[in-house]
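Participant: Shown below is the structure under consideration.
The values are calculated or read from the model by the stated rules, or taken from the named source; none is laboratory data. Keep in mind the model is a prediction, meaning the values are calculated, not measured. Please note: Cβ atoms are built from the backbone with ideal geometry, for glycine as well, and neighbour counts cover all protein chains shown. Just the protein is used for accessible areas: all its heavy atoms, side chains included, with ligands, DNA and RNA removed. Shrake-Rupley method; radii C 1.70, N 1.55, O 1.52, S 1.80 Å.
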Amino acid sequence: MADIVDIAVNADGFKTLVTAVHVANLVETLKSPGPFTVFAPNDDAFAKLPPGTIQTLVQNAPQLARILTFHVVPGKWMKADLEQVDSVISFEGSPIRIDTSDGFEVKNATVLAADIEADNGVIHVLDRVILMG
């Protein structure tokens with residue numbers, strides 16, 4: 001089975017995320033055994049950010065890394081597991097609100113595809129980039 005990075009690289013719709021993970025030097029981390037749960041914004045999600053945001057973040061790798069690690073949670077959290085909690089703590093250290101009462105939402109984002117299993121965890125595809133705070 002492919003790892004989280006390989007799945008993102010080989011799937012359509014994650015070009016921006018893959019580039020951001022490379023710029024933030026997180027490839028080796030996300031290729032390690034984990035397990036990890038990744039709330040992965042697709043390219044359309046990144047396109048919803050204000051103009052110039054992505055370019056600014058690419059030029060500020062530490063801030064980009066902080067935002068990306070907010071999208072990663074230690075452990076393998078399948079949708080069924082997330083239905084049992086109202087939040088999880090990201091690698092960045094901040095809580096991420098989970099709401100499965102009417103659909104499947106992670107903070108202010110809707111999960112478009114859940115439970116994409118990887119060798120080292122699971123991916124849930126988001127329609128928005130989530131931010132701390």
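Participant: Do we have any residue at all in region 47-69 that's open to solvent by less than 70 Å² (accessible area, probe 1.4 Å), free of Cβ contacts under 8 Å to residues at least 24 places away in the same chain and closer than 17 Å to V125 by Cα?
Facilitator: For region 47-69, residues open to solvent by less than 70 Å² (accessible area, probe 1.4 Å), free of Cβ contacts under 8 Å to residues at least 24 places away in the same chain and closer than 17 Å to V125 by Cα: absent.
Participant: So which pairs qualify, if the first residue must be in region 1-24 and closer than 19 Å to E117 by Cβ, the second must be surrounded by fewer than 19 Cβ atoms within 10 Å (Cβ to Cβ) and of a type in the set (K, R), the Cβ gap must be under 6 Å, and the two must be at least 6 apart or on different chains?
Facilitator: So the pair list comes out as D3/K31; V5/K31.
Participant: Sticking with this structure for a sec: Of all residues in region 19-33, count the ones that are within 14 Å of I54 (Cα to Cα) and either in contact with a helix residue (DSSP H, G or I) (Cβ under 9 Å, 6 or more places away or on another chain) or assigned to a loop (DSSP other than H, G, I, E, B) (or both).
Facilitator: 5
Participant: So, one more: Taking the conditions exactly as written (of a type in the set (A, V, I, L, M, F, W, C), open to solvent by 70 Å² or more (accessible area, probe 1.4 Å), touching a helix residue (DSSP H, G or I) at 6+ places or on another chain (Cβ under 7 Å) and at pLDDT 95 or above), does F91 satisfy them or not?
Facilitator: yes
Participant: Looking at A118, A113, which one is among the small types (G, A, S) and either farther than 18 Å from M1 by Cβ or touching a strand residue (DSSP E or B) at 6+ places or on another chain (Cβ under 6 Å) (or both)?
Facilitator: Working: A118 fails: either farther than 18 Å from M1 by Cβ or touching a strand residue (DSSP E or B) at 6+ places or on another chain (Cβ under 6 Å) (or both).
Sole residue among the options that is among the small types (G, A, S) and either farther than 18 Å from M1 by Cβ or touching a strand residue (DSSP E or B) at 6+ places or on another chain (Cβ under 6 Å) (or both): A113.
Participant: For the subset of region 7-18 comprising residues that are in contact with a helix residue (DSSP H, G or I) (Cβ under 8 Å, 6 or more places away or on another chain) and open to solvent by 50 Å² or more (accessible area, probe 1.4 Å), which member is nearest to I123 (Cα to Cα)?
Facilitator: The qualifying residue nearest to I123 (Cα to Cα) is V9.
Participant: Considering only region 79-86, I want to know if a residue exists there that is in contact (Cβ under 8 Å) with a residue 40 or more places away in the chain and either within 12 Å of the chain's Cα centre (by Cα) or closer than 20 Å to S32 by Cβ (or both).
Facilitator: Checked against the condition, which is being in contact (Cβ under 8 Å) with a residue 40 or more places away in the chain and either within 12 Å of the chain's Cα centre (by Cα) or closer than 20 Å to S32 by Cβ (or both), region 79-86 yields no hits at all.
Participant: Among the residues of region 101-133, write down those that are out of contact with any Lys or Arg (no Cβ under 7 Å at 6 or more places or on another chain), part of a loop (DSSP other than H, G, I, E, B) and touching a residue at least 40 places away in the same chain (Cβ under 8 Å).
Facilitator: D119, N120, D127, V129, L131, M132, listed by residue number.
Participant: What do you reckon, is N42 polar (S, T, N, Q) and within 13 Å of V129 (Cβ to Cβ)?
Facilitator: yes
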